[in-house]
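Derivation of every value follows stated rules applied to the coordinates shown; laboratory data play no part. Bear in mind the structure is a predicted one, so any value in this text is a computation, not a measurement. Because the Cβ atoms are built from the backbone with ideal geometry, glycine has one as well, and the counts that use them run over all protein chains shown.
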Amino acid sequence: MRRADDRPIFRFAPSPNGFLHLGHAYSALINQQLAREAGGQMLLRIEDIDVARCTPALEAAMEEDLRWIGFEWEAEPRRQSEHFEDYRAALDVLVEAGLAYRSTLSRGDIRAFVAEKEATGTAWPRDPDGAPLFPGRAYEAVDGDAVAWRLDVAAAKAHLGIETVAWEELGQGPEGESGLVEADPAQWGDFVLARRDVPTSYHLSVVVDDALQGISDVVRGRDLFAATSAHALLQDLLGYGRPRYFHHDLILEPGETRKLSKSRDDTSLRALRQAGVTAGDVRRMIGFEA
Ligand code: GLU
């Protein structure tokens, strides 16, 4: 665990399921800039829990691209696929506290359930990412095969005696939220902690790793601002401290309103390099000194 007099610790935590693009370069470099300003340590974490999509070749390409743009990290990167037992231990804590339950409903089942509800004219609530909220424990089949572990968010809030969670936001949310931000994690419904095919989830593993690595400052894109309420809830349930958060701007394509995605190769750092763009050009394109 981190002590108050230690150096701040930052992490950049990409998922190697495609080539890095300008948006990742921006996130890496802003992490590095803030870490340097704070005299902090900069770590790299490989978020490769989806071992089918995150390949060693993509990870190697990712590290090469990061070095190319001048991102430097201390210590060996932590690779999530090598730490499934840590996530399992955290899941066990939640199961033993009676706050996690086995869910039998697949993504297809949930889609069908929601489509049926919406056919009668009532809009089904969505989470901040636009996915239909999970209907809840009451809709589980008693004897079906479990496909996932889910957090019972209402029970979790009651266990902690809270309605909302709060965190220190040094950047900004989509509505300009900053300072002490409060949010209700129930906006995510009973979110997934682990699946049958991937024995953890993004929310669980990111929270466990931020704690185990003693991260003091989470700097990441504004698209993950809303996820922070789920992360804060897990931190409180697992007895972890709370890092500070800095959610930064997203880099948009000129004239576009949607964020860059790894599936689009045109702005990948590789494609730019192959087209003769220099690392200095890339840094300038996203607002850093060459
Ligand atoms: N692995 C996540 C991503 O690539 C980022 C996780 C985080 O910074 O919390 O989008």
From the options Leu44, Leu58, Leu29, residue that is aliphatic (A, V, I, L, M), touching a residue at least 60 places away in the same chain (Cβ under 8 Å) and within 16 Å of the ligand (Cβ to nearest atom): Leu29
Residues (assigned to a helix (DSSP H, G or I) and of a type outside the set (D, E, K, R)) located in the range 74-84: Gln80, Ser81, Phe84
Entirely in the range 159-238, the strands (runs of 3 or more DSSP E) that have 1 or more residues that are away from the ligand (no atom under 16 Å from the Cβ), charged (D, E, K, R) and without any contact (Cβ under 8 Å) to a residue 24 or more places away in the chain: 179-183
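Residue-by-condition table, conditions (1) surrounded by 16 or more Cβ atoms within 10 Å (Cβ to Cβ); (2) assigned to a loop (DSSP other than H, G, I, E, B):
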site: Tyr26; (1), (2): yes, no
site: Asp48; (1), (2): yes, yes
site: Ala60; (1), (2): no, no
site: Glu63; (1), (2): yes, no
site: Glu72; (1), (2): no, yes
site: Asp86; (1), (2): yes, no
In the range 269-290, residue nearest to Leu58 (Cα to Cα) [restricted to those that are in a helix (DSSP H, G or I) and aliphatic (A, V, I, L, M)]: Leu269
Test: residue in the range 202-220 that is touching a Gly at 6+ places or on another chain (Cβ under 9 Å) and under 29 Å from Pro135 (Cα atoms): no
Condition check for Phe71: away from the ligand (no atom under 14 Å from the Cβ), touching a residue at least 24 places away in the same chain (Cβ under 8 Å), of a type in the set (Phe, Trp, Tyr) and farther than 23 Å from Asp249 by Cβ: no
Boolean, Ile46 is touching a Ser or Thr at 6+ places or on another chain (Cβ under 9 Å) and of a type in the set (Val, Ile, Thr): yes
